[in-house]
1. Considering only residues that are out of contact with any strand residue (DSSP E or B) (no Cβ under 7 Å at 6 or more places or on another chain) and not in a loop (DSSP other than H, G, I, E, B), which ones fall in the stretch 122-149?
2. Need pairs with beta-carbon distance below 6 Å; first residue farther than 22 Å from residue 147 by Cα and within the stretch 103-127, second among the β-branched types (Val, Ile, Thr) and surrounded by 10 or more Cβ atoms within 10 Å (Cβ to Cβ); sequence gap 6+ or separate chains.
3. Does at least one position in the stretch 85-108 carry a residue that is in a strand (DSSP E or B) and at pLDDT 95 or above?
4. With (1) part of a loop (DSSP other than H, G, I, E, B); (2) within 25 Å of residue 134 (Cα to Cα) as the list, and residue 39 as the residue in question, which single condition is left unmet?
5. Please count how many residues of the stretch 56-76 are modelled with pLDDT of 90 or more and among the hydrophobic types (A, V, I, L, M, F, W, C).
6. If you check 74, 82, 68, which single one turns out to be surrounded by 15 or more Cβ atoms within 10 Å (Cβ to Cβ), in contact with a Cys (Cβ under 7 Å, 6 or more places away or on another chain) and either outside any loop (DSSP other than H, G, I, E, B) or not β-branched (Val, Ile, Thr) (or both)?
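The values are calculated or read from the model by the stated rules, or taken from the named source; none is laboratory data. What you are looking at is a predicted structure, and each value in this text was computed from that prediction instead of being measured. Please note: Cβ atoms are built from the backbone with ideal geometry, for glycine as well, and neighbour counts cover all protein chains shown.
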Amino acid sequence: MKKRLVSLLCALFILSICSISYASDGHELSWGKDFSTFKNLTFSHESNDIKYYVVKGEKVCEVTKVAAAKVTYAFKGGKLYARIVNIFDSSDLDKLYKHFSDSFGKSKVSTQDGWTVNKWTKGDIKIKLKEDIEGTVHKLTMYYMPLAS
């Protein structure tokens, strides 16, 4: 009896850990975590006080399984600040728009520097879905707002 109870408790513990990791519908990253905890990063460039690294081998946006041309992590003060996903296809942009609209409601839409930008906020995360005016470049960007200022 004790053995079964221990097995059941272990199974429930593992299930609860899995539930926590998926609870936010795939939007959980290790926001604010130190750069040293990440692997498979290749330095891309630096702008102001933000360093950008391409993530090797990450070619799928886990939110909707959309293929990504490139995934980049941005670190501010050595902490994960943003995730930028370059999207291959405009039809994938439509899938992402539907996903975020269904999950977080209507977006705030604006035009900025030649981009149409849809914005959502979820807790400390700001989500931007961007398409250039020509409709040829598509990006999904998530920012960790506590590191924004």
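1. 122, 146
2. 110/117; 114/133
3. Checked against the condition, which is being in a strand (DSSP E or B) and at pLDDT 95 or above, the stretch 85-108 yields at least one hit.
4. Of (1) part of a loop (DSSP other than H, G, I, E, B); (2) within 25 Å of residue 134 (Cα to Cα), only one is false for residue 39: (2).
5. Matching residues across the stretch 56-76 total 2.
6. The match here is 68.
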